[in-house]
Amino acid sequence: MELVRYRPGEAIRWLETGAENIRKGAQNKGMNLFKQGVDSKTFGENLKTAAGVIFDFGKGTYADMVHKHAEDSEFVLQDKQFDIVSGGNMKTILYERVVSVQVRGDRALFTLDKGTVTVKPFAYIVSGRIKVPVGWVRNGIEVPYELLTLELAARCGVEIQEE
C-alpha cells in the first residue's frame, strides 16, 4: 500500500488570517488610546480599553499557536501501522493493537489493547447555528473530516460504534 498522509484541511489557514486581523484591531485600539490622551476619558475607561487591547493580543497569539500546531500535525497511514505526528512528537500505533472505535459526535475514540487514542477536529467552520469540523487534506486532496476515521477503522479491521 502507498503511504497516506492526512493533514488538517486548507480552511485551517483562516486561523492565521484571523490572528492577523485580531492583532491589527488590538494595535489600532492601543494607538487610539495613546492618541486620545488620558484627559479625554476617565481613568476607568482608559483601563478598560487597555485591558481589551491586551486581551485581543492574547486571542491573536492563541490563534497563531493553534494554527502552528495544526500545520505541524498529521496522521501517516502505513502498511501495518499509523503514526500520529503532533508538533515535534510522533506516536506509532500498530493496526492490530486497535480493539474498537467509538464515535461520539465529531470525536473518534480508538481503544487499544493498552490505552486509547482520540481523533478530534483541529477547528470548526461555524455559520449561524451550524458547526462543521474542518476536513483533511489526504495526499494533497481535500476530503471530508469523517474519512480518516473510516479509513483507520477499515485498516484496523474493526467496526465503528456510534454513540
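The values are calculated or read from the model by the stated rules, or taken from the named source; none is laboratory data. The shown structure was predicted, so the numbers you read here are calculated from the model rather than taken from an experiment. Here the Cβ is made from the backbone with ideal geometry for all residues, glycine too, and neighbour counts use every protein chain on show. Accessible surface is based on the protein model in full, side chains and every heavy atom, while ligands, DNA and RNA are left aside. Shrake-Rupley method; radii C 1.70, N 1.55, O 1.52, S 1.80 Å.
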Number of the exception - Leu94 against (1) under 16 Å from Leu3 (Cα atoms); (2) touching a residue at least 40 places away in the same chain (Cβ under 8 Å): (2)
All positions within the range 113-155 that are touching a Pro at 6+ places or on another chain (Cβ under 8 Å), among the hydroxyl-bearing types (Ser, Thr, Tyr) and not in a loop (DSSP other than H, G, I, E, B): Tyr124
Count of the range 128-142 residues which are open to solvent by 80 Å² or more (accessible area, probe 1.4 Å) and of a type in the set (S, T, N, Q): 0
Flag if Val158 is part of a loop (DSSP other than H, G, I, E, B), at pLDDT 95 or above and either among the hydrophobic types (A, V, I, L, M, F, W, C) or open to solvent by less than 20 Å² (accessible area, probe 1.4 Å) (or both): yes
Any pair with Cβ under 8 angstrom, 6 or more apart, that starts in the range 62-82 at a residue that is surrounded by fewer than 19 Cβ atoms within 10 Å (Cβ to Cβ) and ends at one that is modelled with pLDDT of 90 or more and in a helix (DSSP H, G or I): Lys80/Tyr95; Lys80/Glu96; Gln81/Tyr95
Within the range 84-101, considering residues that are open to solvent by less than 40 Å² (accessible area, probe 1.4 Å) and modelled with pLDDT of 95 or more, the one nearest to Glu162 (Cα to Cα): Val101
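Taking the range 109-124 as the region of interest, how many residues are under 12 Å from the mean Cα position of the chain (by Cα), open to solvent by less than 70 Å² (accessible area, probe 1.4 Å) and not aromatic (Phe, Trp, Tyr)? Steps first, answer last, please.
Of all residues in the range 109-124, those under 12 Å from the mean Cα position of the chain (by Cα) come to 119-124.
Subsequent filtering for residues that are open to solvent by less than 70 Å² (accessible area, probe 1.4 Å) retains 119, 121-123.
Next, from what is left, pick out any that are not aromatic (Phe, Trp, Tyr): 119, 121, 123.
Number satisfying all stated conditions: 3.
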Selection status of Phe110, at pLDDT 95 or above, outside any helix (DSSP H, G or I) and under 15 Å from Arg5 (Cβ atoms): no
